[in-house]
Amino acid sequence: MAERLAASISFRMTDLAPSFSLRTPEDDSLPRRVCDHCGFVAYENPKIVVGSVVRFEDRILLCRRAIEPGRGRWTIPAGYLELNETPDAGARREAFEEAGARIAISRLLAVYSVPRISQVQLIYRARLVDPALAAGPESLELKLVRPEDIPWDELAFPSVHWALRHDAEAEAGAPPVPFGNPDGETGERMPDGRAVGDESL
């Protein structure tokens, strides 16, 4: 009796094993992952990244990444937006998690799109309200640098270059309208021409 019950349960569990096929649902125009059992459509949407260029007096906060991609390279505090979180709250959280930084958001600096990895990045201008900093688990070290001392050749991602350059333009008096990707740039290459994802990154 117990063996028959176990076999029955095993059979039913096998029937319910996830199985998805890539096909275009009715009333849609793109292929999606569709459940072979019930027709559920598993939509996949771009990820939203939030971050900030944080200033303290005449210096900018940089974090040396402790994780891949870009381990050992410098970045601004940024990361994925969480469910039920506003973008500005996410940027504040990321600054605190990565650098122990308490920040005040000034305004939205830029909206970047990196289609290669399906990301939309919302980057803010912010100021450090407390100079006390502490590297979080995703940061090897932190530093506050003057704009002329930014280690451009050691930055982790194209969008970090964009954000720091756009922040400099904003600091110089550019209108408070969000920047976007530089003309022709999609985040696939570093300014020196290296493809993002090269082992040399």
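The values are calculated or read from the model by the stated rules, or taken from the named source; none is laboratory data. Remember, predicted model here, so these are calculated numbers, not experimental data. Methodologically, a virtual Cβ is constructed for each residue, glycine included, from the backbone with ideal geometry; neighbour enumeration extends over all protein chains shown. Side chains included, ligands, DNA and RNA excluded: accessible areas come from the protein's heavy atoms. Shrake-Rupley method; radii C 1.70, N 1.55, O 1.52, S 1.80 Å.
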Within the set of pairs 6+ apart or on separate chains, which have a first residue in the stretch 18-30 that is free of Cβ contacts under 8 Å to residues at least 60 places away in the same chain, a second that is open to solvent by 100 Å² or more (accessible area, probe 1.4 Å), and C-beta atoms under 9 Å apart?
-> PRO18/HIS37; SER19/HIS37; PHE20/PHE40
Assess whether PRO46 counts as being modelled with pLDDT under 95 and under 30 Å from SER159 (Cα atoms).
-> yes
For the stretch 178-192, state whether one or more residues are without any contact (Cβ under 8 Å) to a residue 12 or more places away in the chain and either in a loop (DSSP other than H, G, I, E, B) or among the basic types (Lys, Arg) (or both).
-> yes
Just one of the numbered conditions (1) part of a helix (DSSP H, G or I); (2) open to solvent by 60 Å² or more (accessible area, probe 1.4 Å); (3) touching a residue at least 60 places away in the same chain (Cβ under 8 Å) is not true of GLU169; which one?
-> (3)
